[in-house]
Amino acid sequence: ESVDVLASLDRANDGTVTASSITIARQNLETTAAGTDTTTTANTADSVTTGTVAGAGATGTLDFSGLVSTNFQAGDTIVATVNDVGGTASTDDGTTLTYTITAADIAAADFGTAVATGLAAATPSAALNETAFADNGDGTITVTNNGAAAGDTASVTIDATGQDNTGVAAGGLAELGSLSVSDASSASTALTNIETLIQSSIDAAAAFGSAEKRIEIQNEFVVNLRDSLNAGIGALRDSDLEAASARLQSLQVQQQLGIQALGIANSQPQNILSLFR
């Protein structure tokens, strides 16, 4: 994933506005190894049989405590199919219970317990006449055969599909978890791997530093552009004021000249009359 930071808005001659962004690439420094599995076994026993009984009450356990969250992702499903494997046919045969793993399950401190609780809660009790599920709160579910007929057996098969990790790149620090200094050869290999991990961290920091510098340069450019626009607008306003002032002065001079001309014209008859005195 990456993050785009808006850098500028460019307007074309036709008025079209195009956004330009600075892309900051994600730097994967996780310690997880590259995924290779496409299907993951859900628990330590794929099939759990309660045993052949002459009546109700036999129990079995589904153990999810060994599940590893890194083998799954939100949206993966865990399916439990209830079947009768001997004796009188069970009315629960073929009943399928499905639970979809959530992001909260992945983030849970105890992934197995979260999945067990989710599957137990998702069990439609009304659809199960001879098999009951009970969450034990420790990553296990107790399955009880409630069939009354002799020879009835409750069997629950668990099928979980983990995430398809094929081709997914490992985290930049994936080798961190496999470092060993148990002997001289391992220590030498570990030293080489540590140098590689340090370089990976440096490269990631350099990528972020480069993106940070680009953002700083773009920010400085935008600030300078804003100041230039403000100065330009101020200059235009000042020039308009100067032009208006010049026109006002011109009008005032014209008015004064007009008044003087009228004064001269009005004084001429008085000069003529003075000649007859």
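Take the Cβ-Cβ distance between residue 229 and residue 23 as r, set R0 to 22 Å, and report the resulting FRET efficiency rounded to the nearest 0.05. Mind showing how you got there, number by number?
Numbers: r = 27 Å, r/R0 = 1.22.
Result of the calculation: an efficiency of 0.25.
Based on the mean of other Cβ atoms within 10 Å per residue, sort peptides 256-263, 113-120 so the most packed one is first.
Details: 256-263: 9.9, 113-120: 22.8.
The most tightly packed comes first, giving 113-120, 256-263.
For a Förster distance of 30 Å, can you work out the FRET efficiency between the beta-carbons of residue 5 and residue 31, rounded to the nearest 0.05?
With a Förster radius of 30 Å, E is 0.60.
All of the numbers you see were taken from the coordinates with simple rules; none came from a lab. Quick caveat: nothing in here was measured; it's all calculated off a predicted structure. Reconstructed Cβ throughout: ideal geometry from the backbone, glycine too, with neighbour counts over all protein chains shown.
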